[in-house]
């Protein structure tokens, strides 16, 4: 009897070991995003240090975080998820360092999203004090994978427009500014 129990345990351990050796790890965010803008790539939480503006550095044009609304000490976050009704949703939480006077008490904006080719269709609804009621935009969006780092770039401002509207007297046009998000974590 004892031999049968030990034999059964040995077989179970062998099967368990064989199954666990063959298990493939889930793909990384870089692997998921390698093919560009997809729903699977968007899922998760992304962060931004503020509006990005082009600047001439030497002879090159580079994108930098505008120094006035710089959130690097406390980045804003953008979370993409699917709710219990299977609807595509987003939650934008602005940085506590925001200079936009239109923030609600939580700094949160909720809404819906969908992908249309290389464009992300965003429609803000709840908490959108910095946006017009039910404001929506079709934002050209690109995904960049560099090693394990994944970035999402909006080719024009949506959430961060109020930041630059307040400092528009600077030496650039807010219409050429972009939003750049770095992937932080799965939901």
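The values are calculated or read from the model by the stated rules, or taken from the named source; none is laboratory data. Remember, predicted model here, so these are calculated numbers, not experimental data. Positions of Cβ are generated from backbone atoms using ideal geometry, with glycine treated the same way; all protein chains shown enter the neighbour counts.
Summary table
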quantity	calculated
Some residue of the range 120-137 being at pLDDT below 95 and under 28 Å from residue 27 (Cβ atoms)	no
Tally, over the range 152-178, of residues that are touching a helix residue (DSSP H, G or I) at 6+ places or on another chain (Cβ under 9 Å) and either modelled with pLDDT of 95 or more or part of a loop (DSSP other than H, G, I, E, B) (or both)	8
For residue 99: the one exception among (1) in contact with a strand residue (DSSP E or B) (Cβ under 8 Å, 6 or more places away or on another chain); (2) at pLDDT below 95	(1)
Which numbered condition residue 66 fails, given (1) in contact (Cβ under 8 Å) with a residue 12 or more places away in the chain; (2) farther than 16 Å from residue 178 by Cα; (3) surrounded by 14 or more Cβ atoms within 10 Å (Cβ to Cβ)	(2)
Restricting the range 33-52 to residues that are part of a loop (DSSP other than H, G, I, E, B) and in contact (Cβ under 8 Å) with a residue 24 or more places away in the chain, the residue that is nearest to residue 176 (Cα to Cα)	51
Pair list, Cβ under 6 Å, 6 or more apart: the range 134-148 residue at positive phi and in contact (Cβ under 8 Å) with a residue 40 or more places away in the chain, other residue crowded, with 17+ Cβ neighbours inside 10 Å and assigned to a strand (DSSP E or B)	none
Single unsatisfied condition, residue 30 versus (1) modelled with pLDDT under 95; (2) surrounded by 15 or more Cβ atoms within 10 Å (Cβ to Cβ); (3) on the phi < 0 side of the Ramachandran plot	(1)
